[in-house]
Every structure is written in structure tokens, then in C-alpha cells.
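We did not get these values from a lab; they are worked out from the coordinates using the rules stated. Source: prediction; values computed, not measured. Here Cβ is always computed from backbone atoms with ideal geometry, including for glycine, and neighbour counts include all displayed protein chains.
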Amino acid sequence: MAKRRVVLTFPPELTEKPITYHLVKDYDLAINILRAKITPGEEGKLVLELSNGSAEMIEKGLDFLVKQGVGVEAVSREIFLTEEECIHCGACTAVCQPGALQVDPETARLRFDKERCIVCELCVPACPLGIIKVLF
């Protein structure tokens with residue numbers, strides 16, 4: 001089963017149209033909304049995990065979105081961690097339910113797995129140095 005996490009940016013004129021409905025109906029994709037900020041008449045953001053379709057159907061669905069005027073980006077571009085400033089204290093790992101942030105038991109260094117991240121933002125206030133940012 002193919003899976004892909006994406007950030008969709010909707011221009012103001014598209015926020016009131018049922019565009020994501022077509023991903024389910026026309027492309028047979030399951031969508032899991034991980035994060036959303038949609039207000040009618042304003043630019044909107046939606047973080048989705050697309051699955052239950054072939055990689056080809058996911059690409060076709062994303063192409064449809066682009067043709068409609070929706071911006072499509074990989075979700076990993078939305079997380080920013082200044083690794084060179086990290087002191088590897090592990091405070092952020094305590095709040096990371098999906099396990100995207102973990103301390104490596106062999107090296108005692110923080111590891112960030114972007115594939116597991118759901119952009120919940122709980123790690124941002126947990127970091128004592130303020131070096132974790134969510135660009136959303």
C-alpha cells in the first residue's frame with residue numbers, strides 16, 4: 001500500500017470548494033487529515049496522509065490538485081530542527097507520540113524521523129532551546 005504525506009496550500013478562492021472530495025471519489029484515495037487551517041476567503045493549509053491507492057493513483061490525485069491551483073509540498077519541508085544547536089537532552093521525545101523524535105541509545109544523540117512526524121507541534125514548546133520550528 002502506497003502512502004504519502006503532503007502539505008496542501010489553498011488560495012483564498014478555493015477554500016470553499018470540495019476539492020479534496022475528488023481525491024476520495026475520483027482517485028480512490030484514503031485521506032487522513034493530520035492538521036488543518038482553513039478559513040473561508042483566506043489562504044488555507046492542510047496536512048494530509050494519502051493512502052490505500054497505488055503510488056500512481058496518489059500521483060494522479062496530486063496532479064489534479066496542482067491543476068486546480070492548490071500548492072502541493074512534501075510534509076517534511078514543514079519541520080525545521082536546528083540540529084547543530086541541539087544539546088540532545090531528549091525533552092522533545094517525551095511528547096512525540098508517533099516517535100519521530102528519539103534519542104539513539106548507542107550515540108545518545110537526537111534522531112528526527114521525518115516520515116513518522118505528523119506535524120502535531122507538541123515538540124516545539126517542549127524544546128528548552130527553542131530550536132524546533134514548524135513552518136506551517
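Points to keep in mind about this one:
- The C-alpha atoms of the chain define a longest principal axis, and helix 55-68 lies at about 70 degrees to it.
- When you filter the GluC sites (Glu not before Pro) in the stretch 61-136 for DSSP loop state and at most 15 other Cβ atoms inside 10 Å of their Cβ, you are left with GLU106, GLU115, GLU121.
- Cysteines of the chain lacking any other cysteine Cβ under 4.7 Å from their own Cβ: CYS86, CYS89, CYS96, CYS117, CYS120, CYS127.
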